[in-house]
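> Before we start, here is the structure in question, set down as structure tokens.
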Amino acid sequence: MAFARNGWYCAAFSTEVDTNFLGRKILGEGVLITRDSAGGVRAIGDRCPHRFAPLHRGVREADTVECPYHGLRFDLDGRCVLNPHGQGRIPGAARVAAYPVEERQGVIWLWPGDPALADPAIIPDLLLVDRGERTPVNGHLTMPVDYRLVLDNLMDLSHAAYLHAGTLSPSRAKRESTYDDDETSVRVNTVMRDVPTPSSQQLYFPSPRGDYHSDIEWIFPGSLRQRLAMTETGAEADAGAVTRNVHLITPETETSTHYFWIHSRNRLMDDVSIDDRTRAILSNAFLTEDEPMMQACQENMGGAEFFSLRPIYLETDFAGTRCRRTMERIIAEEAETARRPAAPAEASSAQTTPA
Amino acid sequence: MAFARNGWYCAAFSTEVDTNFLGRKILGEGVLITRDSAGGVRAIGDRCPHRFAPLHRGVREADTVECPYHGLRFDLDGRCVLNPHGQGRIPGAARVAAYPVEERQGVIWLWPGDPALADPAIIPDLLLVDRGERTPVNGHLTMPVDYRLVLDNLMDLSHAAYLHAGTLSPSRAKRESTYDDDETSVRVNTVMRDVPTPSSQQLYFPSPRGDYHSDIEWIFPGSLRQRLAMTETGAEADAGAVTRNVHLITPETETSTHYFWIHSRNRLMDDVSIDDRTRAILSNAFLTEDEPMMQACQENMGGAEFFSLRPIYLETDFAGTRCRRTMERIIAEEAETARRPAAPAEASSAQTTPA
Amino acid sequence: MAFARNGWYCAAFSTEVDTNFLGRKILGEGVLITRDSAGGVRAIGDRCPHRFAPLHRGVREADTVECPYHGLRFDLDGRCVLNPHGQGRIPGAARVAAYPVEERQGVIWLWPGDPALADPAIIPDLLLVDRGERTPVNGHLTMPVDYRLVLDNLMDLSHAAYLHAGTLSPSRAKRESTYDDDETSVRVNTVMRDVPTPSSQQLYFPSPRGDYHSDIEWIFPGSLRQRLAMTETGAEADAGAVTRNVHLITPETETSTHYFWIHSRNRLMDDVSIDDRTRAILSNAFLTEDEPMMQACQENMGGAEFFSLRPIYLETDFAGTRCRRTMERIIAEEAETARRPAAPAEASSAQTTPA
């Protein structure tokens, strides 16, 4: 299995979800996401247990979903509450998964694993620059690549000087990086000292030279917090022109990945034209540079497991490699747990878990 | 193996076949269908035994097929009768299957299994309303789904009230159904008593209310006879406005299905505009409602065997489940027969059978 | 494995390769082909050993290739010569294959196997009619079929009378063929005596009748030399109007094939309009007749190994069958060699071989 299930994944932006049904594949499973009549976000399995129809194509009846094929109705806890046929008997197994979900900072977080373990306290703060009620600058792409290639890509930003030379106009100046990790996160902090201000920063930062800071942190399973800052030479990063970006990476299938990103900045915050420009620049770089490169790498891997191909290891690979090894360890631990017989107390809820 | 071979399958409508070559895939095998100079329908294997070229792309020379690649000629019993090269020697194995075929009621029936078992007496009467020489109302679709999903769909017509709400305007009134089956057939008879006349029946049946009868019968391997009737409350079904439809389901491959349908009715039989309207309504419902739903279900099954996914069982699933179990039993029996060594008398013809 | 590696394959025409990077898949592997600053052709593995990016999408820096993803640089012997990041350490395994290549008669030959065995002396002379500096008449197609179907096609030219009846206007007259083979080549010489001049030859050969010679020779692994000649009845083939064609067949993947062809002739050599006409006629026949037929045959084989389907054997199959058996023998010998432990002296170069 390529996925870790016991973790919070971004399933959607808040703005995508209303009382209609959003059907989205997450970790290989169909999920129906909607809001209940009280406005709370709810997520249940999107596959009817009767003939496997996609429930999100059905119609809403109060806070229930009517299956579009034969009309079984499910509540937003995943229980079948109506069989409109014959004597109307509802089999005990007529239910779909109910996923723990939390809505924070404009993001809908979903826990695909054991609901008993879903602790909202470990949902990471996105560390965005707050700009109140204004519309966030964000985007959602679905990339046809293994999510681990996306983690690799983000955890080694040295690629920017080569892959994004045409769009983000990064500097090829000397990068000084420090690495740091713990059980469920990895950090890379990089500084390029006394360099010409990259054209992408000139709007926010008027001096012709300064220090360029590029930091990124991965938090298990798929949250990345990035800070890019241009400062006067020698100053602290947060003292300068700062953009804080978040990249939320959620496997769609074993070979495709949801890529949600959010941008914020501490300069020219009210200028909507910069929002539009940023959206265009980032979408373009992700879609026309990152995605085709990752897709080509995946194709060149010919379906083989990454480490089986013995990739050469550079010091810049520390962070990406730590991500991969951490994912591997947690996936193995989950598999080990799944092999153990469930304790009696847990058995009763087994039916509703998506595992 | 997903197919039962010893049975009569619809291969084509009579109107599709002339002295040209029709190439069609049936139960995963290419079949060439044509008429001989006497007008009789003939069907042979469509794969040249030399270099596996599709014979139906070849040209006709009298009652032979010339292979389009190297010019070997085959008669309509599947025997190679000419090798135009070198000394012209024809190897004994130079033959393709000859399939038993029968033409009845505008349908060409083909037997993909052991020719010795092909008994035309078991071809079902379609029970259509006869309207003489007039063109039948029919259609042929190829659906990208396992044929068993199509049988499921047809044997549980309770789906109409949900899936076809927008096209066939069915009633959601209470359905009373009785079920009945034997070794090779399954029947469901349903009546909705004293209901408003559905808009689809108003053309044929002027009263505002009555009983609506909806009966369907599956006959192994792929013939379904359906009767829809609107009657005065309490009357016999055949006393009312009756449409008799046939659905002939033939696997094309393990994941695609030929769907042949024929419509007949006992009212307004001469009105050709109703023919056109019926053709449009049915094609539309099959193509835009049934097919996408079955395709979505198949995709949601992820390649797994149906029962391995433990679908919940409703009483309305009796008929569909009986079809599946009957197919399973017969497929297992055929596999068992195939494992037994052939008796000497049968061995000589083994080469020409498609098995 | 479907490929023999120790042999010379056509990788490109000379005219396709300059100091840009040509990326081409050969025997399932990506190859980057270019010219060094001295004009010599060079070929290295196209997959960066770091994150498997396609090197041919990178930029050239002097005689090095800069990886488009993270900027590692490789020389044209496949060695990594620059790591622009961190301390710049270059791991010993940071190299890609360097393929032996030779450029002759407008063709770039590549040896995908053990470089120590690459002997340029065995590259076949193409036996084209020399016409000096004039542009050759040639073409390159990539066909979605197993290369062995292409060898079959070419080694049994009796197909022309049927498959190319509409384009090459061949005769269906009696063919007299002789066959001949040795360890690594197979020949078929055919003559049709005292036949009407085919329309395709009338331009070069004014007499209404004569002998038509059609000879073809396969040289392991993928070179075919063909002579088509129209002569006065009873004359030697080379005394007449002769076209000499070469077909160079290089597997791209297990199910696709590079088809390079070159045409030359001994009449009307200076008439460029005939060049254009020939290019059009041959491309059309290969693309609209050969390719669809081979593709249909491949599809009809359903992924099975050719001989497992027990194709019937005609005397015209001698040459194609000898090609297949020779390829099988050599592939088995290579597999046997690969299973033996390498001698100490060979071990040091193992890392750079593409095997």
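The values are calculated or read from the model by the stated rules, or taken from the named source; none is laboratory data. As the structure is a prediction and not an experimental result, all values here were calculated from the model. Methodologically, a virtual Cβ is constructed for each residue, glycine included, from the backbone with ideal geometry; neighbour enumeration extends over all protein chains shown. Accessible surface is based on the protein model in full, side chains and every heavy atom, while ligands, DNA and RNA are left aside. Shrake-Rupley method; radii C 1.70, N 1.55, O 1.52, S 1.80 Å.
> Quick one: which residues, 5+ away or cross-chain, put their amide H under 5 Å from the amide H of C:Val59? H built at 1.01 Å from N.
C:Glu66
> For a quick size check, give me the Cα extents of region B:68-112 along its three principal axes, largest first, whole Å.
Sorted largest first, the three principal extents are 47, 20, 13 Å.
> Now for a different question. Report the Cα-based extents of region C:4-88 along its three principal axes, largest first, to the nearest Å.
41, 29, 19
> Here's a follow-up. Just round it to a whole percent: the fraction of Cα-Cα distances in chain C exceeding 29 Å.
When every Cα pair of chain C is considered, 46 percent fall beyond 29 Å.
> When the Karplus curve 6.51 cos²θ - 1.76 cosθ + 1.60 is applied with θ = phi - 60°, which whole-Hz ³J(HN,Hα) does each residue of region B:150-157 get, with x for Gly and Pro?
Once rounded to whole Hz, the list reads 6, 4, 3, 4, 6, 7, 10, 6.
> Output needed for region B:137-331: three equivalent-ellipsoid semi-axes, defined as square roots of 5 times the C-alpha gyration tensor eigenvalues, in descending order, whole Å.
Gyration-tensor ellipsoid for region B:137-331: 28, 19, 15 Å.
> Right, next: To one decimal in nm, how far is C:Ser14 from the same spot in the other copies, if labels go 7 Å from Cα toward Cβ? Please give the shortest first.
Here the equivalent label points are 6.9, 6.9 nm apart from this one.
> Rounded to the nearest 500 deg cm²/dmol, what is the calculated helix-only ellipticity per residue at 222 nm for chain C, with -39500 (n - 2.57) per DSSP H run of length n ≥ 4?
-5500 deg cm²/dmol
> Identify, for chain B, the residue whose C-beta comes nearest the rotation axis onto chain C, and round that distance to whole Å.
For chain B, the closest residue to the axis carrying it onto C is B:Gly303, 10.
> On to the next question. Can you tell me the 0 to 90 degree angle between the C-alpha axis of helix A:291-301 and the longest principal axis of chain A, rounded to 10?
Approximately 70 degrees, to the nearest 10.
> Also, quick follow-up: Can you give the charge dipole size of region C:9-122 about its Cα centre, rounded to the nearest 20 debye, using +1 on the beta carbon of Lys and Arg and -1 on the beta carbon of Asp and Glu?
Dipole about the Cα centre, nearest 20: 440 debye.
> While we're here: Take the Cα radius of gyration of region A:150-234 and divide it by 2.2 N^0.38 Å, with N its residue count; two decimals is plenty.
That works out to 1.12 for region A:150-234.
> Before anything else, pin down the relative contact order of chain C: Cα pairs under 8 Å, at least 6 apart, normalised by residue count, whole percent.
Relative contact order of chain C: 19 percent.
> 5 Å is the cut-off here: which amide hydrogens, built 1.01 Å from N in the peptide plane, fall below it relative to C:Ala12, excluding neighbours closer than 5 in sequence?
C:Ile108
> Measuring from a point 7 Å out along Cα→Cβ, what nm distances, shortest first, does C:Gly39 have to its partners in the other copies?
For C:Gly39, the other copies' label points sit at 7.8, 7.8 nm, shortest first.
> Now, a different point. Please check: in the Gaussian network model of chain C (C-alpha springs, under 10 Å), which one of C:Pro49, C:Pro206, C:Pro292 has the largest mean-square fluctuation.
C:Pro206
> Among B:Ile26, B:Ile219, B:Ile122, whose mean-square fluctuation peaks in a Gaussian network model of chain B (Cα, cutoff 10 Å)?
B:Ile122
> Hey, another quick one. At a probe of 1.4 Å, how much accessible area disappears from chains B and C on forming the pair, both sides counted, to the nearest 100 Å²?
Using a 1.4 Å probe, the pair buries roughly 2300 Å².
> Oh, and also: Per residue of region A:52-58, in order, report the coupling 6.51 cos²θ - 1.76 cosθ + 1.60 (Karplus, θ = phi - 60°) as ³J(HN,Hα) in whole Hz, putting x for Gly and Pro.
Result, ordered by residue: 6, 6, x, 5, 5, 7, x Hz.
> Let me ask you something else. Per-residue HN-Hα couplings for region B:166-179, Karplus 6.51 cos²θ - 1.76 cosθ + 1.60 at θ = phi - 60°, whole Hz, x for Gly and Pro?
x, 10, 9, 6, x, 8, 9, 5, 4, 9, 10, 10, 10, 10
> Out of the total accessible area of the protein assembly as shown (probe 1.4 Å, heavy atoms of protein only), what percent is carbon and sulfur?
That share works out to 51 percent.
> Say we join alpha carbon atoms closer than 10 Å with springs in a Gaussian network model of chain C; which of C:Phe307, C:Phe318, C:Phe21 then has the biggest fluctuation?
C:Phe307
> Provide Rg and Dmax in Å for the protein assembly as shown, with only Cα atoms included in the calculation.
35.1, 97
> What are the residues whose amide H is under 5 Å from the amide H of B:Ala53, where those residues sit 5 or more places off or on another chain and H is modelled from the backbone?
Amide H neighbours of B:Ala53: B:Cys48.
> Any idea what angle helix C:272-285 forms with the longest principal axis of chain C, computed on alpha-carbon atoms, 0 to 90 degrees, nearest 10?
On a 0 to 90 degree scale, this one is about 80.
> Hey, what's the protein assembly as shown come to in accessible area per residue, 1.4 Å probe, Å²?
That works out to 42 Å² per residue.
> Between copies, how far apart are the A:Ala116 label points? List them in nm, one decimal, shortest first, with each point 7 Å from Cα toward Cβ, please?
6.1, 6.1
> Hey, if you put +1 on the Cβ of every Lys and Arg and -1 on every Asp and Glu Cβ in chain A, which of A:Tyr212, A:Tyr69, A:Phe286 ends up farthest toward the positive end of that dipole?
The one lying farthest along the dipole's positive direction is A:Tyr69.
> Taking the Cα centre of the protein assembly as shown as origin, work out the dipole magnitude from +1 charges on Lys and Arg Cβ and -1 charges on Asp and Glu Cβ, in debye rounded to 20.
Around 300 debye, computed over the protein assembly as shown.
> With a sphere of radius 10 Å drawn around the Cβ of C:Arg187, what net charge do the other residues whose Cβ falls strictly inside it have (Lys, Arg +1; Asp, Glu -1)?
-3
> Let me ask something additional. Taking the simple approach of a point 7 Å from Cα along Cα-to-Cβ for both A:Glu328 and C:Asp18, what is their distance in nm?
Going from the A:Glu328 label point to the C:Asp18 one covers 4.5 nm.
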